[in-house]
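Colleague: After the structure tokens below, expect a handful of questions from me.
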Amino acid sequence: MPSPTSETLRTANRDLRAGIARLLQEPNASAPLRANDLSGLLEKLVGAAGCVRGISADSMPEGELENAISEYRRTIEELAQILPRVHGRLLTEKACLEIAQAHLTATAAWAEASQKTL
């Protein structure tokens, strides 16, 4: 029977992999990256990290727990590899929003100036 720690880590690994899969989806207008995608991922990371820190340094994990820890490490390494792409995607979305904001500001200024001339 798996220990509570290995079960917690296995659940966290599953949730982290699901979060990574959402981050890897192709960006499009119908599914932009949302803040809760990242905050949910962070929440799972913090929980799993606390679980791993709770494992005694003197103990030698075996079986299920050893597998869960290895899976957690692989998942963290995968996340570390994709975060630069996510960062780039966020910067691109930010630039698009800034362009749209500048366009909206210019349009509002033009509309106000046009009303004054009429």
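Throughout, read-outs are computed from the coordinates displayed, never taken from laboratory work. Note that the coordinates shown come from a computational prediction; the quantities given were computed from them, not determined experimentally. Methodologically, a virtual Cβ is constructed for each residue, glycine included, from the backbone with ideal geometry; neighbour enumeration extends over all protein chains shown.
Colleague: Give me the extension gain from Ser3 to Asp37: residue separation times 0.36 nm, minus the current Cα-Cα distance, reported in nm with one decimal. Walk me through the numbers on the way to the answer.
Modeller: Values: separation 34, 0.36 × 34 = 12.24 nm, distance 2.88 nm.
Separation in residues times 0.36 nm, less the Cα-Cα distance, equals 9.4 nm.
Colleague: What's the extension gain from Val46 to Arg14 if we count 0.36 nm per residue and subtract their Cα-Cα distance?
Modeller: Numbers: separation 32, 0.36 × 32 = 11.52 nm, distance 1.44 nm.
The Val46-Arg14 span can extend by a further 10.1 nm.
Colleague: Through the Karplus equation 6.51 cos²θ - 1.76 cosθ + 1.60, θ set to phi - 60°, convert the phi angles of the stretch 71-87 into ³J(HN,Hα) values in whole Hz; use x for Gly and Pro.
Modeller: Karplus-based 3J(HN,Hα) across the stretch 71-87 equals 5, 4, 5, 5, 5, 5, 5, 5, 4, 4, 6, 8, 4, x, 5, 5, 4 Hz.
Colleague: Which FRET efficiency value, to the nearest 0.05, do you get for Ala80 and Thr105 by plugging their Cβ-Cβ distance into 1/(1 + (r/R0)^6) with R0 = 35 Å?
Modeller: 0.35
Colleague: Between the helical axis of 35-53 and the dominant principal axis of the chain, each derived from Cα atoms, what acute angle in degrees is found, rounded to the nearest 10?
Modeller: 20
Colleague: Related question: I'd like to know which of Ala68, Gln25, Leu42 lies farthest towards the positive end of the charge dipole of the chain, counting +1 on Cβ of Lys and Arg and -1 on Cβ of Asp and Glu.
Modeller: The Cα lying farthest towards the positive end belongs to Gln25.
Colleague: Something else now. Given the -39500 (n - 2.57) contribution per DSSP H run of 4+ residues, what per-residue ellipticity at 222 nm results for the chain, rounded to the nearest 500 deg cm²/dmol?
Modeller: On the way: 3 runs with 95 residues, N = 118.
Value at 222 nm, helices only: -29000 deg cm²/dmol.
Colleague: Could I ask something else about it? Tell me the angle of helix 4-24 to the major Cα principal axis of the chain, expressed in degrees between 0 and 90 and rounded to the nearest ten.
Modeller: 30
Colleague: Can you tell me how the stretch 55-112 classifies by the Cα gyration tensor, rounded, prolate or oblate, using a/c under 1.5 as the rounded cut? Intermediate results must be reported in sequence, preceding the final value.
Modeller: On the way: a/c = 7.27, a/b = 5.06, b/c = 1.44.
Prolate shape, in that a/c is at least 1.5 and a/b is the bigger ratio.
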